[in-house]
1. Grab the alpha carbons of segment A:117-284, take their convex hull, and tell me the volume per residue in Å³.
2. Length gain on complete extension for the stretch A:Q16 to A:E185, per 0.36 nm per residue less the alpha carbon to alpha carbon distance?
3. List the residues whose amide H sits under 5 Å from the amide H of B:G10, counting only those 5 or more places along or on another chain, with H placed 1.01 Å from N in the peptide plane.
4. Under 19 Å between alpha carbons: how many lysine pairs meet that in segment A:117-284, if sequence neighbours fewer than 8 apart on the same chain are excluded?
5. On a full-extension model of 0.36 nm per residue, what is the gain between B:Q89 and B:A47, subtracting their alpha-carbon distance, rounded to one decimal in nm?
6. Cut-off 10 angstrom, C-alpha nodes, Gaussian network model of chain B. Which of B:G298, B:G165, B:G226 fluctuates the most?
7. Per-residue HN-Hα couplings for segment B:135-149, Karplus 6.51 cos²θ - 1.76 cosθ + 1.60 at θ = phi - 60°, whole Hz, x for Gly and Pro?
8. Can you tell me which aspartates and glutamates have their Cα less than 16 Å from the Cα of B:K27? Leave out same-chain residues fewer than eight positions away.
Number of protein chains: 2
Amino acid sequence: MTILAIDCMGGDHGTQVTLPACRQFLKQHDDASLLLVGQPEALAGFAHPRARVVPASEIVSMDDPVEVALRRKKDSSMRVAIEQVKGGQADVALSAGNTGALMAIARYVLKTAEGIDRPAIAYPMPNSKGGATTMLDLGANVDCTAEHLLQFAVLGSALVSALNGKPDPLVGLLNIGEEAIKGSEEIKRAGELLRQAAQTGVINFYGNVEGNDTFKGTTDIVVCDGFVGNVALKTTEGLASMIAGFLREEFSRNLLTKLAALAAMPVLGALKKRIDPRRHNGAALLGLRGLVFKSHGGADEFAFCCAMTRAYDAARHGLLGRVQERITRAAPLLACAAPQPAVTTTN
Amino acid sequence: MTILAIDCMGGDHGTQVTLPACRQFLKQHDDASLLLVGQPEALAGFAHPRARVVPASEIVSMDDPVEVALRRKKDSSMRVAIEQVKGGQADVALSAGNTGALMAIARYVLKTAEGIDRPAIAYPMPNSKGGATTMLDLGANVDCTAEHLLQFAVLGSALVSALNGKPDPLVGLLNIGEEAIKGSEEIKRAGELLRQAAQTGVINFYGNVEGNDTFKGTTDIVVCDGFVGNVALKTTEGLASMIAGFLREEFSRNLLTKLAALAAMPVLGALKKRIDPRRHNGAALLGLRGLVFKSHGGADEFAFCCAMTRAYDAARHGLLGRVQERITRAAPLLACAAPQPAVTTTN
């Protein structure tokens, strides 16, 4: 039995989305049970033999500053869900709440895994091969060192091997050219570290990839600084919504174009399905001593249920153990790759 | 009369594209004349009262390393075109050749403008307002300091005021959140510098923008590090070509979908026109003591002609003078913003 702790109050829609998604999820998965975390009065209507309410009196709102979420709302549904993982009552926690708060609370409650300096957020981006390319880090860390990028490669490899069943997923280093001499000094150093890691078999390194390779599906994993990753993700969202808006406008221009829309409907539906980000909902917070997943804040029932399934798959395929195992295998490299302490000058 | 020096041999298609584009351009612009730079035998067929051949015996290929282009091909069409600007025979040079080589040669031949540490590449990205958002830098500089980002803001403002007639175009700083406290230390410092510059009226600063704002058209200009800008540009290209590929596949799946494609053709054509990157072809190399534009390497006749028109507009609207004038106005800030020399410790 795999147990998920669900922050039922988080996200843009709260229980309106999370509860129907939980019901759907329980129907699809016989060997899963749920801890529904939130205000008991909001969850009272939900009855299922494999679900139990865990009360939490507060809610972290989408625009709560991290400090407020962390220090002033100690009985939030987000925090209590993560505490279920910490205490061993649940195998994984899932929230659609505020990403910054979720990462801060998860880090505070669960602590960072040994050998990892900074946890990272890994998103699956749909690719033209019909699957998804896992990108990390997507916003948790700015100013990453080469060592951090190596850690992300190790974490991402564990995630993809757990979720997609590929034992040695291919890792690409996001850069501005394929040649090893491209990029900043830090990126070049990261390339060297990743090549060393590949020689010892800890990861399967492809080399440098560029921004378009994510969508080509050149590698299973793309590793980057959180700043660059966040820009790439937002750029993707911006372009997709611009194209969708243009399509809507053009198809509703006049009677003829509306008829054309009717004719094209099945095709556009098939297209939408192929690039539907809801199917790939569920980002992993990696590098912690417990499993936490993050759903998109605006997720609907279908999208939230997809995120639940990803969290469930990660837990039942032993993601945490896989991460530990890869970190252990990578330990000699992570140790020798540890950032040198800054030279301190005494005047 | 505005004179353009055209590298007729550059790009994926060379004279097959550049010569027909030149012919089209001359038809559209009575007060422009062209210097056609390249191998005389390849240009012999082109006769026009406002065009003259300037011979150059060599060609920089798309995959020539920068060193080869710069040191071994001193009589390349790319270099000779830029030398026409240096010598005052032309107002602006345009090439569809290898970007790295073009920037290196332009920098070597023309030198960097006073007050500017590093030239930048500015690309117009189509936005949902029907216009374009100018992004810079897109790949010329990795590891930018706050001072470089301020310089890019000054350069970009001069470009957009020259091309779009907006006297005070709005500048956004690409970041991972709107709040001033977001981002790396360097980005936060850049925000402070840009706010100072806005107070003195040198630029019109909006504040932080995110990856999706480029397509929303929130600001006229988006300023970023060349690494981040290159990733954003390639991500855009990658997603656009994935969606285009999916559309083609879905519409050619069977007889019914092919009929739907016929019905939807005018709408898809209108959509394509709206996001057609060819319309916005023509990146500016800014911060040099002369004007150089870069066309996409794969440009067709229409796209190359658009790039010619941008180069022509920039020259006749006095872009070089506007850059100089803005740099002069910004000089007190650029001077006090000059990077502090690293503290040297004597042991």
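Every number here is computed from the coordinates shown, using simple stated rules; none is lab data. Since this is a predicted model, take the numbers as computed values, not measurements. For neighbour counting, all protein chains shown are included, and Cβ atoms are generated from backbone atoms with ideal geometry for every residue, glycine included.
1. On the way: hull volume 18.9 nm³, N = 168.
Per-residue hull volume (Cα only) is 113 Å³.
2. Result for the pair: 56.0 nm of gain on full extension.
3. Amide H neighbours of B:G10: B:A96.
4. Close lysine pairs found across segment A:117-284: 10.
5. This chain segment gains 13.2 nm when fully extended.
6. Maximum fluctuation in the GNM of chain B, among the listed residues, is at B:G165.
7. 10, 8, 8, 10, x, 6, 10, 9, 6, 7, 8, 4, 5, 4, 5
8. B:E301, B:D313
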